[in-house]
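Please read the structure below before turning to the comments.
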Amino acid sequence: MNFCRLFTTLLHQKPFGGNGHALLLDSNILKHLNSDSASPSQTRKTHASLLKTGLFYNSHLNTKLLSLYANNLCFVDANLILDSIPNPDLFSFSTLIHAFAKRNHSVHALRIFTRMLVHGVEPDNFLFPSVVKSCAGLLSLEVGKQVHGFAFVFGFSLDVFVQSSLLHMYLKCGRVRDAHKLFDGLPQRDLVCWSALISGYSNCGHVDEAKELFYEMRKTGLEPNNVSWNGMISGFNRSGLYAEAMAMYQKMHSEGFLPDASSVSSILPAISEFEDLNMGVQIHDYVIKQGFGSDKCVFSALINMYGKCSSVLEMSQVFDEMDQRDIGSVNAYITGLSRNGLVDNALKVFRRYKGEGAELNIVSWTSMIASCSQNGKDIDALELFREMQVEGLKPNAVTIPCLLPACGNIAALMHGKAAHCFSLRTGIFNDVYVGSALIDMYANCGKIQLSRLCFDKLPTRNLVCWNAIMSGYSMHGKAKETIELFHMMQKSGHKPDFISFTCVLSACSQNGLTDEGWHYFSNMSKEHGIKARLEHYACMVTLLSRAGKLEDAYSMIMDMPVTPDACVWGALLSSCRVHNNVRLGEISAEKLFELEPRNPGNYVILSNIYAAKGMWSEVDRVRDMMSQKGLRKNPGCSWIEVKNKLHMLLAGDKSHPQREQIIDKLNQLSMEMKKSGHFPNMSFVLQDVEEQEKEHILCGHSEKLAVAFGLLNTPPGSSLRVIKNLRICGDCHSFIKFISGFEGREIFVRDTNRFHHFKDGDCSCGDYW
């Protein structure tokens, strides 16, 4: 039974046989009553003594008892005590409110304040700052305004401390203009109020207003301290004004103010954004000289800075030199390793600290999930998400957008749907970044209708949402819908950016809409003032090449105002493979060998162009080049989700448990295909072998294996979704087209170029694979 309830039942009993005489409290009880550090058990013993001695109704003593329960966060006990007092006064209520506010238990503080008003007890000027602080802690502007109204009604709105607390509340709730209006009415403006308002304007990105207030403060005779400078530096940082933050830091230093640890941890993020390694090293030297080595925030900021500046060795040295590593520094280190492509190292660090029992937080797990999603470790990302929930951590509006790309990358539709359901249950679906990630995930999984449904359900849409749905339609080769959305977006008041035009140009290139593509390419700079980027030129190269205008595409590349990158030359090389253009294929391949010497895909495509022309000596030459450089062709790999489980099939894999059944199924379908007059396209076997061997090689392509596996393990008529890590070959394209008609299946295949929607013996790409 709860001690407090037990004691409360004793309240109406006469102490010690009913003689009515209270015994004096012993010294230990008095000591506990006058202590702020009494434990819950000591507090309950004191409570019992007060009841036994009949002193419980002494207002001074029961108020002390209230304070002890509040200090120990015994909310139920404290409330029961308050209920037991016949006529609680202001001091009783204030004791609880101050205690709760001091420990940031804002909800409890406001509830007690409400009860006080209901009891008809009027607050005083000493109570209002604690109540206002609780409103600020909850970012509850509406409640804060009501409290402001109460302060006015009770005549304390001009009290300096009440006004100061209201000023901070409005600033914390993002109402800088309201705060400024209040500030103008302050009878006395101290350095704290000036600094708070300046920091508020800095946080909102209002540079001119922040600087004007800064200089105005100095005119009044108040000189800034480090808190004032740091407020502006961190404020400019948070609002993305990194140049302003760095300029303010330099000004602070030039005026003779010595930056403290807070100054350093505030400026390092700005240095990170500019990747200014030299300045970062200077700051690091300053940290060592000033002895900030024990400040964990400074070291976390240094780790982050070195990570963003691609200085992995220095980042690791800072991390290793830390005497005590907190979770913030571990998170920064993991993120830095991942950012520099060392995701395996990041996973090892994460696993090590998890194994040592470190209390990894939601930021730790989310960072690791994002790292895996962004570095091709999609299955690891899904496993980490599952582990995180087993550990009892609840995903948030940042975790879900980090997870969903992994679901989309490998078409893990059921995992993606589970994340969608979670976002609906927890109310984070309306977050535009969660919504955009869901739109992208469903599009990548071949469910463009569900992408559109998510888009239509979003209560508010920003440019990211519009670009996500346009990208989805573009990937699926739906140019009409992409262009319609492009115009709808502009009518809704959103201006297109370079990503919007990439979506439209990509859709045009995939559908052979040459005239429309040229229109939007020209319109981009003329009407919207957006200079063409490399990705736009890559789309135009594909567009021209699809129309058979390879020479025009090459001329466009040569006339580009910027140096073509691997993306542009890669678009031309891929088109040369489609049209078997040896001359331009050799030119583009040579450029790619310079730009991407370690990318085996470029060598393979050139080899394929030679093989298609029967130039076997050239094929051998390219393969020898690869061998000399230690390069190997990436093995074909396809994924398919069956019965909520993701299955991976490798080209030529002989270890799959259903290998024999898959090959038998493919042979049966091949016979049916031949009966209908369709024969394997041997030109896609890029090896100089016999015809029978060529057919055997074609049978082992991963996308065929995945489709056959899906046919064997799903009900007749159900759709199949396959993801391939390489571009689909022409023979597999023809084969899957036939299967979609013969088996009566919808089959979605996503390769590195686009989505292929096979249905009734046809494909959405118009056979331009």
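The values are calculated or read from the model by the stated rules, or taken from the named source; none is laboratory data. All of these numbers come straight from a predicted model, not from anything done at the bench. Every residue, glycine as well, gets a Cβ built from its backbone with ideal geometry; the counts of neighbours run over all protein chains shown. SASA here: full protein model, heavy atoms, side chains in, ligands and nucleic acids out. Shrake-Rupley method; radii C 1.70, N 1.55, O 1.52, S 1.80 Å.
Some values worked out for this structure:
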{"quantity": "0 to 90° range, to nearest 10: angle between helix 498-510 axis and the chain longest Cα axis", "calculated": "30"}
{"quantity": "Dipole-positive endmost among ASN602, THR460, ASN511 within the chain (Cβ charges, Cα centre)", "calculated": "THR460"}
{"quantity": "Stretchable slack from THR460 to LYS654, in nm (0.36 nm times residue separation minus alpha-carbon distance)", "calculated": "64.8 nm"}
{"quantity": "Gain in span if fully extended, ASN713 to PHE91, counting 0.36 nm per residue against the direct Cα distance", "calculated": "216.6 nm"}
{"quantity": "Under 15 Å from the SER555 label point (7 Å along Cα→beta-carbon), backbone N, the stretch 526-543", "calculated": "541"}
{"quantity": "Label zone at GLU321 (point 7 Å along Cα-to-Cβ), backbone N below 13 Å, the stretch 270-293", "calculated": "281-293"}
{"quantity": "Most to least packed among 260-272, 317-329 [average Cβ atoms within 10 Å]", "calculated": "260-272, 317-329"}
{"quantity": "Order by protection proxy (mean Cβ within 10 Å, highest first), peptides 77-88, 179-190, 304-315", "calculated": "304-315, 77-88, 179-190"}
{"quantity": "MRE, 222 nm, helices only [DSSP H, n ≥ 4, -39500 (n - 2.57), over the chain, to nearest 500]", "calculated": "-20500 deg cm²/dmol"}
{"quantity": "Rounded to 10°, Cα long-axis angle of helix 659-675 versus longest principal axis of the chain", "calculated": "50"}
{"quantity": "Projected-area mean, the stretch 532-634, by convex hull of Cα positions, square nanometres", "calculated": "6.1"}
{"quantity": "Length-normalised contact order for the chain - Cα pairs under 8 Å, 6+ apart - percent", "calculated": "5"}
{"quantity": "Listed residues ASP440, ASP731, ASP456, ASP515 arranged by accessible area, highest first, probe 1.4 Å", "calculated": "ASP515, ASP456, ASP440, ASP731"}
{"quantity": "Equivalent ellipsoid semi-axes, the chain, via Cα gyration tensor eigenvalues times 5, rooted, Å", "calculated": "65, 33, 26"}
{"quantity": "Mean separation of Cα contacts under 8 Å, 6 or more apart, over the residue count of the stretch 463-522: relative contact order %", "calculated": "37"}
{"quantity": "Virtual paramagnetic centre 7 Å along Cα→Cβ of GLU596, amide N under 16 Å, in the stretch 608-623", "calculated": "608-609"}
{"quantity": "DSSP beta bridge pairing in the chain, given as percent antiparallel to the nearest 5", "calculated": "80"}
{"quantity": "Top positive-direction residue, dipole computed over the chain with Cβ charges, set CYS729, ASN580, ILE379", "calculated": "ILE379"}
{"quantity": "Whole-Hz couplings from phi, Karplus 6.51/-1.76/1.60, listed for the stretch 153-170; x for Gly and Pro", "calculated": "4, 8, x, 10, 5, 9, 5, 4, 6, 5, 5, 4, 5, 5, 4, 5, 5, 4"}
{"quantity": "FRET efficiency for PHE274 and VAL562, using Cβ-Cβ distance with R0 set to 22 Å, rounded to 0.05", "calculated": "0.50"}
{"quantity": "Sequence-separation-based contact order of the stretch 449-586, relative, with Cα cut under 8 Å and 6+ spacing, percent", "calculated": "17"}
{"quantity": "Accessible heavy-atom area order of HIS519, HIS528, highest first, probe of 1.4 Å", "calculated": "HIS519, HIS528"}
{"quantity": "GLN188/VAL107 FRET efficiency (R0 30 Å; Cβ-Cβ; nearest 0.05)", "calculated": "0.40"}
{"quantity": "Cβ crowding within 10 Å averaged over residues, with 392-404, 246-258 ranked highest first", "calculated": "392-404, 246-258"}
